Amino acid sequence: MNTKRQIQPDKTGTNSPCINVCQIDDETSLCKGCARTLDEIAKWSRASDGQKRAVWVLIKQRRALVT
């Protein structure tokens, strides 16, 4: 996975993990760029700060499994 990220701040104060590499991996069903599911991506703009932080925890766990 790409380790260089361009963090994009949003209005809740929690940065988006999107790095504009929007490709879903067929095996994991995760975005190859940000390691989110399609559901997480779709809900991001409406998610609370706490929900976004929870997704970030999942992203870090997913990336740790890959590296």
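No value in this document is a laboratory result; all are computed from the given coordinates. Predicted, not measured: the structure shown is a model, and the values here were computed from it. When we count neighbours, we look across all protein chains shown, and the Cβ atoms used for this are built from the backbone with ideal geometry, even at glycine.
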Original post:
Which of the aspartates and glutamates could be linked to K52 by a straight reach, that is with a Cα gap under 13 Å, when you skip same-chain ones fewer than 8 residues away?
Top reply: D10, D39, E40
**OP:** Convert each backbone phi in segment 20-28 into a coupling constant with the Karplus relation 6.51 cos²θ - 1.76 cosθ + 1.60 (shift: θ = phi - 60°), then list the ³J(HN,Hα) values in order as whole Hz, x for Gly and Pro.
**Re:** 6, 10, 8, 9, 8, 6, 4, 7, 9
Original post:
Out of segment 19-59, which trypsin sites (Lys or Arg not before Pro) are coil in DSSP terms and have no more than 16 other C-beta atoms within 10 Å?
Top reply: K32
**OP:** List every residue whose amide H lies under 5 Å from the amide H of I24, counting only residues 5 or more places away in sequence or on a different chain, with H placed 1.01 Å from N in the peptide plane.
**Re:** K32
Original post:
Along the three principal axes, how long is segment 9-67 when you take its alpha carbons, biggest first, rounded to the nearest angstrom?
Top reply: 31, 20, 17
